[in-house]
1. For residues that are open to solvent by 30 Å² or more (accessible area, probe 1.4 Å) and within 25 Å of ALA192 (Cβ to Cβ), tally how many sit in region 304-330.
2. Which of the residues spanning region 78-133 are of a type in the set (Gly, Ala, Ser) and over 30 Å from LYS175 (Cβ atoms)?
3. Give me the residue from region 39-60 that is touching a Leu at 6+ places or on another chain (Cβ under 7 Å) and within 21 Å of LYS425 (Cβ to Cβ) and, out of that set, surrounded by the fewest Cβ atoms within 10 Å (Cβ to Cβ).
4. Across region 289-303, what is the total count of residues that are assigned to a strand (DSSP E or B) and open to solvent by 10 Å² or more (accessible area, probe 1.4 Å)?
5. Could you tell me whether VAL361 is among the aliphatic types (A, V, I, L, M), closer than 28 Å to TYR310 by Cβ, in contact with a Leu (Cβ under 8 Å, 6 or more places away or on another chain) and surrounded by 15 or more Cβ atoms within 10 Å (Cβ to Cβ)?
6. When residues of region 401-427 are filtered for being assigned to a loop (DSSP other than H, G, I, E, B) and over 14 Å from the mean Cα position of the chain (by Cα), how many remain?
7. Looking at LEU183, LEU147, which one is free of Cβ contacts under 8 Å to residues at least 60 places away in the same chain and surrounded by 14 or more Cβ atoms within 10 Å (Cβ to Cβ)?
8. Looking at (1) closer than 29 Å to GLY241 by Cβ; (2) within 16 Å of ligand 2 (Cβ to nearest atom); (3) out of contact with any Ser or Thr (no Cβ under 7 Å at 6 or more places or on another chain), which one does PRO4 not meet, given that it meets all the others?
Amino acid sequence: MANPQSDVIIIGAGVFGLSTALYLARGGYKNITVFDRCAFDQNYYNPANGCDGASADINKIFRATYGDQQHNQDLALEARDIWLEWNRAIRESDPAKLPKPLTPEDELLKMCGVYHLADGDEMIPRYIDNLEAMEKTAPEFRDLQFLKGNSYEEWRANKLGPEWVKKYHLFDKFKGGATNGFLDAGSGITLADKACVYARHLCEKAGVKFVLGRPNGELQELITEQSGSQKRVTGIRTRDGLTHSAGLVIVACGPWSSTVLPEAHRSVEATMGTVMFIDIPEDRKDLREKFHPDNIPVWRFIQGEGEGGYEGGGFPITREGRLKFGFRARKFTNFQDHPTQKDIRISTPRTKYSPQPIDTVPSYGLELMKKVIGGLFPELIEIGFTDSRLCWYTDSIDNEFVVDFVPGYSDSLFICTGGSGHGFKFLPILGKYVKNQLERVPDQFTSLWKWRTVEEGKKCNGLEEGEAGPREMSKLRLAKPEDFKFVNQEAPSKIASGPRSRL
Ligand SMILES: Cc1cc2nc3c(=O)[nH]c(=O)nc-3n(C[C@H](O)[C@H](O)[C@H](O)COP(=O)(O)OP(=O)(O)OC[C@H]3O[C@@H](n4cnc5c(N)ncnc54)[C@H](O)[C@@H]3O)c2cc1C
Ligand SMILES: *[C@@H]1O[C@H](CO)[C@@H](O)[C@H](O)[C@H]1NC(C)=O
């Protein structure tokens, strides 16, 4: 069990590590050191500068609609208040007192709305459940959700402001109008990289120490000793050869967690999300205006299930002119030998910045993305995708987080991960409840976040598939640079080659 006198080491300065450090430090813990192999003090969590964790990103969705997962809805709403408080603090801050590259203009959470769309005229069950749950449990947020294609709902959107009516009608023509869903004005986007920079700044103000960059900040191994029938972690060794002793080590390495901690490989799994970008040229003022967060919400679209099914979405434009699109109907694995425990194979993240870099994505998602994005925004077809990213999830067996002591280590080793594609929004609040688990104070998350592993013969969010599963990367075709264009060059369509004015 942890207490404020414990020497605490946290490995990983993503959302899970940062939020934990922040709440421990504010709770009186005097000696917390966070290690990360990425030099976040120099790259500012900006993925263009060479960092590749899931938290190091340009934007992430904030939503509070969680259907019957009341605990996650409550957590999101609690986070929301702090996001808005951070917005206010930054806005009112002396620019010189903000950490680089933040400025008072930066809104960490922007309530631009999220449009949940699906194929077909009838509302899909998932959306019905989402709306009903909100109605019952947080009616004031249900009031901010407007069902598509209903004049009363449009009238309600107008009461919130005319800009919401414009957003409400944005996708009317898509699929000949045969879509269903709702616009959620209580959701929006977070500026992910800057939010992490700000959280790290708050940590430092609360006394947390950081050791960042290779080799000093990179964990080489956990140092363990045998104590009776149990093991105990007494510290860590970093790549520079130094050892650091600690009473408690917290592994918050996201998709690299089972690389560091082989025991975790039946508990969490690294899976790859397909992310594509379109950089809008500076002279395309029309498009920069159209995709501005004041004019377009985040959109998500669901069509079908299983083979060929689509689930994904897109973000409004960043200040730098970048559109981001994600595909999450199928996540992929990359099985490799475990680096230290040779008898197991684990799904291992591979990115642009890995020892064996990869700079493309599987064709599977890319081709489906082109169909949907080309249908929604024909004006983007001529530009085509300009960049890509493999962004790695840390999936647990049931999409709930894994925040608990690792069995067999006499309460000296703790795991804090399992974001499962929805952890970012909780950055400002997560650590409050991680601290409870560290101090063994039972709360609503204790049973959900406990240490657990794949159960034989049961569906476990894909973790049961292992290397034999259909998602394994070695079985996939990877896209070539020419595939980033929407239209095959050998058979150019009129749309792709025509002058701009005709689009
Ligand atoms: C494609 C994608 C889209 C997502 N979209 C959303 C969204 O819209 N909204 C939302 O709320 N959430 C979203 N998420 C989920 C969210 O990004 C994650 O839950 C969250 O960022 C995970 O944080 P983390 O700290 O666990 O892991 P990470 O951010 O991956 O951080 C792990 C850190 O550990 C460090 N590390 C690893 N190994 C070592 C080592 N040996 N030594 C030192 N350091 C090490 C890494 O450098 C890294 O910084 C998305 C995730 C993905 C992949
Ligand atoms: C703080 O913890 C580190 C290990 O993380 C340890 O080396 C150091 O001695 C501790 N400092 C104090 C003042 O206890």
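1. The total comes to 7.
2. Taking region 78-133 as the starting set, the residues that turn out to be of a type in the set (Gly, Ala, Ser) are 79, 89, 93, 96, 113, 118, 120, 133.
Correct list: ALA79, ALA89, SER93, ALA96.
3. The qualifying residue surrounded by the fewest Cβ atoms within 10 Å (Cβ to Cβ) is ASN59.
4. Counting residues in region 289-303 that are assigned to a strand (DSSP E or B) and open to solvent by 10 Å² or more (accessible area, probe 1.4 Å) gives 3.
5. Against the criterion (among the aliphatic types (A, V, I, L, M), closer than 28 Å to TYR310 by Cβ, in contact with a Leu (Cβ under 8 Å, 6 or more places away or on another chain) and surrounded by 15 or more Cβ atoms within 10 Å (Cβ to Cβ)), VAL361 qualifies.
6. In the first step, residues of region 401-427 are kept if they are assigned to a loop (DSSP other than H, G, I, E, B); the result is 401, 406-412, 418-423, 427.
Adding the requirement that they be over 14 Å from the mean Cα position of the chain (by Cα) leaves 406-412.
Number of matching residues: 7.
7. Numbers: LEU183 fails: free of Cβ contacts under 8 Å to residues at least 60 places away in the same chain.
After applying the criteria, what remains is LEU147.
8. For PRO4, the failing item is (1).
The values are calculated or read from the model by the stated rules, or taken from the named source; none is laboratory data. Fair warning: this is a prediction, and the values are worked out from it, not measured in the lab. Heads up, the Cβs are rebuilt from the backbone with ideal geometry, glycines too, and the neighbour counts pull from every protein chain shown. Each accessible area value is taken on the protein alone, full model and side chains, heavy atoms only, with ligands, DNA and RNA left out. Shrake-Rupley method; radii C 1.70, N 1.55, O 1.52, S 1.80 Å.
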